[in-house]
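J.: Here it is: the structure, laid out below.
The values are calculated or read from the model by the stated rules, or taken from the named source; none is laboratory data. Here the structure is a predicted model, which means the values were calculated and not measured. Because the Cβ atoms are built from the backbone with ideal geometry, glycine has one as well, and the counts that use them run over all protein chains shown. The protein model used for the area step is the full one, side chains on, heavy atoms only, and it has no ligands, DNA or RNA in it. Shrake-Rupley method; radii C 1.70, N 1.55, O 1.52, S 1.80 Å.
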Amino acid sequence: MPALLGAELEPYPYISGYGLLRRMTQLGRLMGVELTALGIRNRVTSDALTATQRPGAPKAGLLHALGLRATRVGDYWSPEVWSPLRTGRVLERHNFPLRDCPLCAAHGYHCALFQLPFIDHCPWHATKLHTGCPQCGRTRWARFHPDLRLGRCDCGYNAFDVRTASIDMWHFPAAEVDAWASRYLYWAAEERKSRLLVVPAPYSNWMPGYAALARQSLELKAMLETAKPTAELEEFSDAGEDPPEGEFWGWSLLGGERPLTFVPLPATMHAKLAQATQDAIAAFPADTPTPLELANMNGLEEGQTLKQNLANRPECLIAPHGLSSDKSTWLNLSAVDPTAACFCGELLDRVISGLEVRNDGCSRSLQAARSHALDGIAGRRHVARALEAILARAYTQGLETVLRSIVAAGKSSKCQRWSLPTAEIVIENDVIRSVRVCWTATRPPSARRIVDTSAPISPATKTKTGSTPSATRPRTRNRPARRAGKMRQKK
């Protein structure tokens with residue numbers, strides 16, 4: 001394919017695949033057949049930014065059509081290479097709104113770096129990045145306009161300027177961009193060697209947590225103008241001894257092959273869950289009566305308030321089953337946010353894969369394999385403390401939700417705050433140095449599990465001697481034929 005107008009790379013170092021397509025569609029006014037030749041199909045619904053940053057046919061086709069397959073140009077189209085944390089390629093798997101610098105957009109320029117949430121301003125123009133249309137305020141996506149151009153809003157706003165992007169394209173600060181981006185990419189690659197990101201799989205609103213964790217680097221603050229993180233951060237990096245072998249056996253059940261009702265946790269969790277119970281009940285007014293259902297289920301006094309019952313029986317945990325003879329704390333997971341419980345399993349798997357723990361060849365279940373791998377990891381105490389904090393918070397939130405549903409008796413209960421965990425694991429010389437957990441506010445899940453109650457067993461229906469119960473009586477497929485047979489016998 002001959003050179004296309006707008007496909008110039010020299011004035012625009014580290015331009016994204018979306019940026020190239022935007023320049024080509026704005027300057028060259030490409031037709032549908034020409035876009036198809038570039039590997040771009042489904043133009044009405046596809047997101048050009050996502051299509052060019054993910055490995056796949058659209059990205060490979062565009063690189064081939066532009067003669068760039070033998071170069072590293074396509075490597076910088078993905079936000080993963082710009083991230084200071086190893087994300088497991090989750091940034092590529094989610095569609096995010098377009099983030100643009102208005103001065104860069106006049107050239108048609110876009111860099112995958114702009115898509116990272118911890119960057120608020122263009123590094124070389126110091127201009128605030130836009131996520132919405134300056135004219136109508138609508139969120140912008142990297143989709144094609146009906147006239148097959150990229151970068152134009154439905155309201156008609158278009159930051160692209162033909163003269164700036166063509167005649168004056170050499171006025172773009174290419175030297176500054178090249179120097180800054182090269183230095184930044186080297187720093188990000190070094191950071192990824194020791195920093196791993198863990199995100200809750202079912203959610204896509206973990207980006208604020210990721211941004212807050214990335215902003216903890218002092219070097220990043222020196223390179224970029226970033227806003228102060230508003231999320232709540234907890235860091236686990238204290239000195240001490242690692243837990244004994246087998247301590248992660250119960251934790252390894254979380255996020256496993258099948259959902260559980262009860263899980264055995266270390267004895268140290270008992271006090272934390274007792275405090276979590278108090279925190280959940282403290283969210284209610286002091287005069288909140290104890291619901292009859294709750295009193296019958298836990299042996300509480302019906303005429304007393306929730307707080308009075310908790311004060312009289314401080315060891316009575318509403319959802320945890322209690323301590324067993326082997327000092328395990330059995331927790332009823334029906335009062336725990338299932339997303340957070342699964343996140344604990346994801347955190348364990350991320351630790352094991354990040355340290356590249358080798359398999360010894362023995363056949364084990366997922367739980368046994370996790371527990372065995374974690375027993376040999378130095379610094380695992382930080383993981384244990386992080387798991388305790390995550391599950392205690394998840395239990396507090398889930399228990400408060402269960403109590404509100406019981407107290408409200410089917411009516412709409414008062415809205416509560418809900419936090420979602422995101423974590424960073426710092427590894428150095430095959431040792432876990434710290435674990436950071438970030439809590440970001442989000443909406444409570446629409447559907448939640450409730451505390452399991454023992455369902456009464458109703459007695460079986462009485463039947464006559466020798467007769468077959470209706471539930472087990474075999475059915476006759478052809479009843480009319482059966483009745484006809486009886487009539488012939490009577491005759």
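J.: Quick check on my filter: what residues within region 163-195 are open to solvent by less than 30 Å² (accessible area, probe 1.4 Å), small (Gly, Ala, Ser) and either closer than 19 Å to residue 20 by Cβ or over 32 Å from the mean Cα position of the chain (by Cα) (or both)?
T.: Passing the criteria: 165, 174, 181.
J.: For region 25-36, does any single residue satisfy the condition of being in contact with a helix residue (DSSP H, G or I) (Cβ under 7 Å, 6 or more places away or on another chain), acidic (Asp, Glu) and either free of Cβ contacts under 8 Å to residues at least 60 places away in the same chain or open to solvent by 30 Å² or more (accessible area, probe 1.4 Å) (or both)?
T.: Taking every residue of region 25-36 in turn, none turns out to be in contact with a helix residue (DSSP H, G or I) (Cβ under 7 Å, 6 or more places away or on another chain), acidic (Asp, Glu) and either free of Cβ contacts under 8 Å to residues at least 60 places away in the same chain or open to solvent by 30 Å² or more (accessible area, probe 1.4 Å) (or both).
J.: OK, next. Among the residues of region 232-250, which ones are open to solvent by less than 80 Å² (accessible area, probe 1.4 Å), part of a loop (DSSP other than H, G, I, E, B) and of a type outside the set (Asp, Glu)?
T.: 237, 240, 243, 246, 248, 250
J.: Whether any residue in region 329-342 is out of contact with any Ser or Thr (no Cβ under 6 Å at 6 or more places or on another chain), over 18 Å from residue 252 (Cα atoms) and open to solvent by less than 50 Å² (accessible area, probe 1.4 Å) is what I want to check.
T.: yes
J.: Further question on the same structure: Taking the options 337, 279, name whichever one is within 24 Å of residue 349 (Cβ to Cβ), under 34 Å from the mean Cα position of the chain (by Cα) and acidic (Asp, Glu).
T.: 337
J.: A follow-up question, please. Any chance you could count how many residues in region 106-128 are without any contact (Cβ under 8 Å) to a residue 40 or more places away in the chain, under 29 Å from the mean Cα position of the chain (by Cα) and surrounded by fewer than 18 Cβ atoms within 10 Å (Cβ to Cβ)?
T.: Residues that pass the stated criteria total 1.
J.: Here is a further query. Kindly provide the set of residues from region 348-371 that are assigned to a helix (DSSP H, G or I), open to solvent by 10 Å² or more (accessible area, probe 1.4 Å) and within 18 Å of residue 264 (Cα to Cα), ordered by number.
T.: If the condition is that a residue be assigned to a helix (DSSP H, G or I), open to solvent by 10 Å² or more (accessible area, probe 1.4 Å) and within 18 Å of residue 264 (Cα to Cα), then 366, 367, 368, 369 are the ones that fit.
J.: (1) farther than 28 Å from residue 170 by Cα; (2) in contact with a helix residue (DSSP H, G or I) (Cβ under 9 Å, 6 or more places away or on another chain): which one isn't true of residue 110, the others all being true?
T.: (1)
J.: Count, please, the residues in region 251-265 that happen to be surrounded by 21 or more Cβ atoms within 10 Å (Cβ to Cβ) and either assigned to a loop (DSSP other than H, G, I, E, B) or not small (Gly, Ala, Ser) (or both).
T.: 6
J.: Looking only at helices (runs of 4 or more DSSP H) that fall completely inside region 137-231, which ones have 2 or more residues that are modelled with pLDDT of 90 or more?
T.: Per the criteria, 162-165, 174-192, 207-214.
J.: Now for a separate question. Answer yes if at least one residue in region 43-56 is under 23 Å from residue 182 (Cβ atoms), open to solvent by 10 Å² or more (accessible area, probe 1.4 Å) and assigned to a loop (DSSP other than H, G, I, E, B), and no otherwise.
T.: Taking every residue of region 43-56 in turn, none turns out to be under 23 Å from residue 182 (Cβ atoms), open to solvent by 10 Å² or more (accessible area, probe 1.4 Å) and assigned to a loop (DSSP other than H, G, I, E, B).
J.: Tell me which residues, restricted to region 4-27, are among the small types (Gly, Ala, Ser), under 16 Å from residue 164 (Cβ atoms) and more than 33 Å from the chain's Cα centre (by Cα).
T.: 6, the sole residue that qualifies.
J.: If a residue has to be more than 22 Å from residue 151 (Cα to Cα) and either among the aliphatic types (A, V, I, L, M) or not in a helix (DSSP H, G or I) (or both) to count, how many in region 61-86 make the cut?
T.: 11
J.: Looking at region 10-17, can you tell me whether even one residue there is out of contact with any helix residue (DSSP H, G or I) (no Cβ under 6 Å at 6 or more places or on another chain), touching a residue at least 24 places away in the same chain (Cβ under 8 Å), among the hydrophobic types (A, V, I, L, M, F, W, C) and buried (at least 23 other Cβ atoms within 10 Å of the Cβ)?
T.: Yes, some residue in region 10-17 is out of contact with any helix residue (DSSP H, G or I) (no Cβ under 6 Å at 6 or more places or on another chain), touching a residue at least 24 places away in the same chain (Cβ under 8 Å), among the hydrophobic types (A, V, I, L, M, F, W, C) and buried (at least 23 other Cβ atoms within 10 Å of the Cβ).
J.: Additional query: Take residue 345 and tell me if it is in contact with a strand residue (DSSP E or B) (Cβ under 6 Å, 6 or more places away or on another chain) and open to solvent by less than 10 Å² (accessible area, probe 1.4 Å).
T.: no
J.: Okay, moving on. Quick check on my filter: what residues within region 298-338 are among the hydrophobic types (A, V, I, L, M, F, W, C), at pLDDT 75 or above and in a loop (DSSP other than H, G, I, E, B)?
T.: Result: 300, 336.
J.: How about region 87-105: which of its residues are touching a residue at least 12 places away in the same chain (Cβ under 8 Å), closer than 22 Å to residue 206 by Cβ and in a loop (DSSP other than H, G, I, E, B)?
T.: 87, 88, 94, 95, 96, 97, 98, 99
J.: Now a separate question. Looking at 419, 371, 353, 405, which one is hydroxyl-bearing (Ser, Thr, Tyr), within 29 Å of the chain's Cα centre (by Cα) and closer than 15 Å to residue 437 by Cα?
T.: 419
J.: Restricting to region 198-226, name every residue that is β-branched (Val, Ile, Thr) and farther than 21 Å from residue 255 by Cα.
T.: Listed by number, the list holds a single entry, 226.
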